[in-house]
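These notes are about the structure you will find just below.
The values are calculated or read from the model by the stated rules, or taken from the named source; none is laboratory data. Everything numeric in this text was worked out from a predicted model, so none of it was measured. Here the Cβ positions follow ideal geometry from the backbone for every residue, glycine too, while neighbour counts run over all protein chains shown. Side chains are part of the model used for accessible areas, which takes the heavy atoms of the whole protein and leaves out ligands, DNA and RNA. Shrake-Rupley method; radii C 1.70, N 1.55, O 1.52, S 1.80 Å.
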Amino acid sequence: MIKLIAKKLLRLFFILIAVTAITFFMVNLLPGDAAYNIAGPDSTAEEIENIRKDLGLNENVVVRYLNWLFKVVKGDLGESLLARGLVSRAIVSRLPVTIELLVLSVLLSLMLAIPFGVICAYKPGSLIDKAVSSTAFGMMAVPVFVMGIALIYIFSIHLRWLPATGFSPISAGIFANIKSLLLPAFTIAMVEWVPLMRVLRSDMITTLQENYILMARSKGLPAPYILFRHALQPSSLTLITILGLQIGHLFGGSMIVETIFALPGIGRLLIGSIFGRDYAMVQGCILFTTIAYVIVNFAVDMLYAFLDPRIRKQMVDGHG
Amino acid sequence: MSIPLLSVKHLTTDIHLEQGKVRAVRDVSFDLWQGKTIGIVGESGCGKSILCKSILKLLPAYAHILEKSQIIFNGRSINNLTEKELNKIRGQGAAMIFQDPLSSLNPVMKIGHQVTETLLYHLKMEEEPALKKAEDLLKAVGIANPSQRIDQYPHQLSGGLRQRVAIAIALACEPKLLIADEPTTALDVTVQAEILDLLDHLQIQRNMAMILVTHDFGLAACRADEIAVMYGGKIVEYAPAEKLLANPRMPYTKALINAIPRLEDPPHTPLQFIEGQPPNMMIPYAGCCFAPRCSLAGHQCRDQEPLLINDDTDDHSFACWNPLGKIS
Amino acid sequence: MDNSPSIFEKLGITFWLCLMWIVLVVLLALFADLLPLPGADVMDWDHPAAPPGTVGTLQSLIASDANPTEIVYFFGTDTMGRDILTRLIYGARVSLAVGLITPLIGLFFGGILGMLAGFYKGRVETIIMAVMDSILAFPGLVLLLAITFFLGPDLKNIIISLGFLTIPSFARIARANTLTYSQRDFIQASRMVGQNDLSIIIHEIIPNIFTPMLIYALLVVSYMIVAEGSLSFLGLGVPSPTPSWGGMIAEGKEVLEETTHVSLFPALIMFLTVLSFNLIGDSLRNLLDARGGQL
Ligand SMILES: Nc1ncnc2c1ncn2[C@@H]1O[C@H](COP(=O)(O)OP(=O)(O)OP(=O)(O)O)[C@@H](O)[C@H]1O
Ligand SMILES: [Mg+2]
């Protein structure tokens with residue numbers, strides 16, 4: 001068990017090193033003049049020279065990387081050019097919005113994926129299964145930005161139920177806060193529930209053929225109880241994997257939804273900084289979202305053990 | 001005790017596969033009285049498990065019980081019961097133990113919960129007394145340290161222990177009928193005897209009826225009151241155990257009896273096998289389906305299906321055109 | 001064998017409809033310059049955001065022609081009075097270029113790396129797969145933004161960076177398939193007799209892993225069309241005057257309260273195209289699975 005965790009931690013460590021290195025060297029080693037690209041086409045030679053000095057393009061690269069890494073570990077991501085403040089502070093202030101959006105959208109997509117996945121697996125090939133599965137297949141072809149616009153059109157322009165833009169922080173009341181995040185979260189959920197539903201359905205169909213499900217039926221337990229209490233947990237390993245990948249992606253991938261709905265989250269910070277050529281901020285955002293992604297995936301790996309006692313056992317045995 | 005606890009009439013079950021239809025159980029009828037045991041014996045694939053599952057309607061979606069089949073449990077036909085009423089019978093009236101104890105417990109659920117489930121659901125017991133009762137049940141099936149086992153998961157238990165847990169689960173709501181589908185096939189020999197003795201003991205204690213499925217004639221002969229021999233989905237011979245053992249009329253039964261290893265045999269006596277392949281149930285067969293493997297088969301056997309008829313005594317019936325002679 | 005269904009029947013009507021749609025889009029994109037269309041950035045200031053079917057007049061369909069030409073805007077015009085149909089057709093060029101070229105990059109490099117890993121195993125495999133896994137450890141869209149940010153957004157850079165991102169998944173599939181095939185007796189035997197590795201790879205491995213890789217590539221096509229759309233939607237795709245579906249949807253979003261057609265048509269076309277690639281991939285996979293089942 002300890003050996004296994006150590007192995008995974010080691011892997012996590014290497015990936016983090018790779019991630020920071022790539023983020024750092026991207027600015028320094030790419031072909032073309034990074035300083036010119038960062039400064040943008042309208043910049044003067046002086047501006048470019050300043051940026052080049054800022055990046056320290058003339059010093060030894062490895063030394064600069066180590067210096068930078070040392071600062072990053074201390075939480076110093078440098079200073080923003082535009083916002084005139086610390087990059088780390090800007091990221092921390094945007095973080096709650098992204099996390100809130102993430103949690104809400106994960107909850108909504110599970111609320112769609114689990115019932116539909118279970119119903120479809122219970123009666124595969126039935127009318128409802130066919131209807132749900134083909135709707136889901138069709139929805140896979142809807143990009144998240146199209147989904148966002150469609151939902152805005154339906155719910156805020158046509159029905160006028162929910163606001164299309166504008167974020168209301170928790171401090172302005174929890175109800176208003178959730179209301180302002182509901183449509184963006186629903187947009188993400190409508191796209192993300194599909195793969196979750198599909199893997200749950202196919203894993204659950206396999207589980208329902210297991211002997212212990214027959215045994216549970218022979219005990220005279222009602223079908224919903226068997227589906228949710230006996231079959232759901234053993235069928236949810238792939239679901240958790242996909243969910244973990246999605247959460248990781250959403251840390252950075254929420255930028256589209258944040259842009260559509262004008263939410264002040266990390267993703268929009270990144271986009272804004274790209275347009276503003278605020279390279280310290282861009283670097284900070286990329287670093288942050290990538291690390292968040294890597295760590296979420298690591299956590300999901302660990303979560304497996306708690307879902308399936310057999311894997312827990314393998315981990316313990318692996319120690320011996 | 002005028003009516004049987006379980007009465008099965010003309011039970012016929014089809015399995016629909018991609019390649020075609022398999023009639024896994026054909027026109028099976030038998031009666032089972034309270035406290036008695038019926039042994040169902042037959043080679044692998046002859047339809048024993050499908051028969052058991054048909055009785056409790058535990059079949060997969062691609063299997064169908066034909067209309068003419070009748071199953072009367074405790075004086076009540078279960079043909080037209082709703083799923084809810086069926087669940088009541090499954091939990092409380094009749095319980096089942098499956099062929100493979102290793103896979104019939106839920107791997108991600110604690111033993112205690114799997115035992116108490118039926119108590120909570122059917123008997124509406126509270127959590128605390130249910131757990132208490134679960135411990136008693138585990139003790140009753142011979143598990144030494146029930147209070148620890150309750151918190152364990154199936155993979156922490158040996159095969160024999162898991163089958164004991166399965167028996168405890170089956171007995172939890174004190175069923176009147178226990179269907180044991182090859183309860184010991186997956187276990188090693190010493191554990192087999194223990195489990196069977198346990199079942200005997202519990203059956204007498206609780207006055208349960210039991211359907212004991214096995215492919216081992218010897219085992220059925222010493223544990224069952226009556227034995228039904230199945231071949232190709234049909235009952236081909238049906239009689240009280242001693243009578244059948246002493247006086248088999250169907251050549252197939254005789255072959256099964258010969259296949260029992262005897263203690264008095266000198267060591268290294270080769271086991272007797274029945275020549276040939278079990279029938280392919282996909283292909284309809286005109287005559288007796290044992291005919292291709294039967295040394296006594298004549299052309300009537302190949303052309304015309306023999307019906308299950310009574311012997312001169314009315315508790316022994318068999319389906320054969322050329323029955324073996326009566327040894328009296 | 002006579003009455004066994006032909007490939008045509010086996011694939012089903014949906015497959016052929018999807019294929020027809022894609023062929024249509026490809027042909028329109030290829031021959032856009034030959035069609036009687038106004039230019040993609042010709043603006044008709046008399047008819048901004050005009051609904052589908054509006055008839056407008058264009059000053060210079062052909063530059064030298066002084067007489068105004070009449071033109072029907074079948075899909076309406078966008079906020080700057082540009083013909084949406086024209087922009088959709090020219091936008092298809094970007095989507096298809098990204099969607100069709102990118103997977104080829106992944107297929108080529110990923111295929112080679114994966115085959116090497118699966119064929120030679122040992123240290124080669126460890127190193128290749130470790131690198132692939134670290135690329136996969138990045139969140140795709142963020143890495144994509146980073147690369148295009150530092151390289152500068154133009155079609156070439158977008159294709160290269162998207163292509164780079166697809167290499168690891170192709171490598172994984174190639175490796176897994178190569179592993180199973182190189183276990184086969186005849187390959188083991190060929191190696192034993194000392195047949196040249198390269199010739200084994202070319203004659204035995206590649207033909208066998210090609211079909212699953214190609215089917216996966218079809219899936220990647222739709223991913224890539226969506227990814228390019230996302231970039232353009234964010235304003236980080238191909239630079240401005242060049243039309244792209246994602247960019248058109250973003251423009252339409254601004255006037256959604258007044259009129260829907262500006263974003264509706266690009267969204268619909270994009271949906272149909274992505275759906276078609278998905279359905280084609282799905283039918284081919286089913287066909288292949290069914291064939292595998294009969295073996
Ligand atoms: N899931 C299934 N899929 C296809 N055919 C099946 C299935 N279950 C049973 N059958 C068919 O039904 C027939 C009877 O099967 P059954 O499981 O009842 O045999 P059995 O007598 O219990 O054998 P065993 O001693 O091996 O348990 C088999 O011959 C098989 O062809
Ligand atoms: Mg069986």
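Remarks
- Scanning the range B:111-144 for residues that are of a type outside the set (A, V, I, L, M), open to solvent by 10 Å² or more (accessible area, probe 1.4 Å), free of Cβ contacts under 8 Å to residues at least 40 places away in the same chain and more than 10 Å from chain A (Cβ to nearest Cβ) yields a total of 10.
- When the residues of the range B:64-79 are filtered to those that are over 24 Å from B:MET210 (Cβ atoms) and within 16 Å of ligand 1 (Cβ to nearest atom), the one that is most open to solvent (accessible area, probe 1.4 Å) is B:HIS64.
- Of all residues in the range B:48-63, those satisfying the criterion of being within 11 Å of ligand 2 (Cβ to nearest atom) and either surrounded by fewer than 24 Cβ atoms within 10 Å (Cβ to Cβ) or within 14 Å of chain A (Cβ to nearest Cβ) (or both) are B:SER49, B:ILE50, B:CYS52, B:LYS53.
- Hits in the range A:108-150 (condition: assigned to a helix (DSSP H, G or I) and within 11 Å of chain C (Cβ to nearest Cβ)): A:SER134, A:PHE137, A:GLY138, A:MET139, A:VAL144, A:PHE145, A:VAL146, A:MET147, A:GLY148, A:ILE149, A:ALA150
- Matching residues in the range C:69-88 - criterion: being surrounded by fewer than 23 Cβ atoms within 10 Å (Cβ to Cβ) and among the aliphatic types (A, V, I, L, M): C:ILE71, C:VAL72, C:MET80, C:LEU85
- Checking B:LEU32 against (1) in contact with a helix residue (DSSP H, G or I) (Cβ under 6 Å, 6 or more places away or on another chain); (2) over 19 Å from B:PRO284 (Cα atoms); (3) among the hydrophobic types (A, V, I, L, M, F, W, C); (4) more than 12 Å from ligand 1 (Cβ to nearest atom), the condition it does not meet: (1)
- Cβ-Cβ contacts under 6 Å between residues 6 or more apart (or on different chains), taken from a first residue in the range C:116-142 that is more than 10 Å from every other protein chain (Cβ to nearest Cβ) and over 20 Å from C:LEU165 (Cβ atoms) to a second residue that is β-branched (Val, Ile, Thr) and buried (at least 18 other Cβ atoms within 10 Å of the Cβ), are listed as C:GLY118/C:THR178; C:PHE119/C:THR178.
- Here A:ILE178 meets the list (1) under 23 Å from the mean Cα position of the chain (by Cα); (2) within 14 Å of chain B (Cβ to nearest Cβ) almost entirely, failing just condition (2).
- Candidate set from the range B:218-232 (those that are more than 21 Å from B:CYS320 (Cβ to Cβ), not in a loop (DSSP other than H, G, I, E, B) and not small (Gly, Ala, Ser)); member that is most open to solvent (accessible area, probe 1.4 Å): B:CYS222
- Considering (1) touching a residue at least 60 places away in the same chain (Cβ under 8 Å); (2) within 10 Å of chain A (Cβ to nearest Cβ), the lone condition that C:ILE206 does not fulfil carries the number (2).
- B:GLY45 open to solvent by less than 10 Å² (accessible area, probe 1.4 Å), more than 14 Å from chain A (Cβ to nearest Cβ) and closer than 30 Å to B:GLN277 by Cβ: no
- Residue ID - farthest from ligand 2 (Cβ to nearest atom), chosen from residues in the range B:145-190 that are crowded, with 18+ Cβ neighbours inside 10 Å and among the β-branched types (Val, Ile, Thr): B:ILE150
- Some residue of the range B:166-185 being part of a helix (DSSP H, G or I) and more than 14 Å from every other protein chain (Cβ to nearest Cβ): no
- Selected residue [touching a residue at least 12 places away in the same chain (Cβ under 8 Å), aliphatic (A, V, I, L, M), more than 16 Å from ligand 2 (Cβ to nearest atom) and surrounded by fewer than 19 Cβ atoms within 10 Å (Cβ to Cβ)] from B:LEU105, B:LEU17: B:LEU17
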